[in-house]
Amino acid sequence: MAVDRNALRKWAKVRRFALGLPGAIEDFPWGDTVAKVDKKVFVFLGVTDGSYPLGLTVKLKDETAHAHALASPGAAPAGYGLGRAGWVSVPLAGEGAPAAGLLCEWVEESYRTIAPKRRITELDAP
């Protein structure tokens with residue numbers, strides 16, 4: 001499967017944003033790319049080898065953001081029971097796919113949900 005170049009650009013921008021958050025690190029459990037803060041995953045970024053469509057999975061506690069994410073074409077509650085805890089999987093390609101800026105907002109919300117208070121304080125510091 002060919003990788004959509006526009007989706008790959010979005011993926012790269014979101015990855016850079018996520019890894020720029022305080023204490024964020026990249027890890028590769030199960031062969032997927034994830035961003036973690038203090039050993040906890042706050043965004044699943046999947047794979048970029050074309051074996052699966054590009055997408056990301058974030059935890060959205062805010063009801064409005066959660067509903068907005070689920071309204072994206074192809075979006076769905078995350079599998080493995082994560083959807084019940086607010087995790088949403090969002091495709092990056094296709095008509096109506098969210099823009100990188102909105103995806104970064106969702107990544108930040110997911111980070112704020114997962115990160116300890118001291119990391120949030122770092123993020124909010126002037």
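Listed values, structure above:
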| read-out | value |
| --- | --- |
| Scan of segment 16-44 for residues that are in a helix (DSSP H, G or I), open to solvent by less than 70 Å² (accessible area, probe 1.4 Å) and modelled with pLDDT of 95 or more, ordered by number | Phe17, Ala18, Leu19 |
| Segment 45-85 - residue that is in a loop (DSSP other than H, G, I, E, B) and either in contact with a Cys (Cβ under 8 Å, 6 or more places away or on another chain) or within 18 Å of Arg112 (Cα to Cα) (or both) and, of those, modelled with the lowest pLDDT | Asp62 |
| Filter result for the condition that a residue is crowded, with 18+ Cβ neighbours inside 10 Å, among the small types (Gly, Ala, Ser), touching a helix residue (DSSP H, G or I) at 6+ places or on another chain (Cβ under 9 Å) and under 27 Å from Ala125 (Cβ atoms), over Ala93, Ala65 | Ala65 |
| Unique residue being among the hydrophobic types (A, V, I, L, M, F, W, C) and in contact (Cβ under 8 Å) with a residue 40 or more places away in the chain when the list is Ala97, Ala69, Ala85 | Ala97 |
| Residues of segment 57-71 satisfying the condition of being in contact with a Gly (Cβ under 7 Å, 6 or more places away or on another chain) and within 23 Å of Ala12 (Cα to Cα) | Lys59, Leu60, His66 |
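The values are calculated or read from the model by the stated rules, or taken from the named source; none is laboratory data. Here the structure is a predicted model, which means the values were calculated and not measured. Backbone-built Cβ (ideal geometry, glycine too); neighbour counts: all protein chains shown. All accessible areas refer to the heavy atoms of the entire protein, side chains included, with ligands and DNA or RNA removed. Shrake-Rupley method; radii C 1.70, N 1.55, O 1.52, S 1.80 Å.
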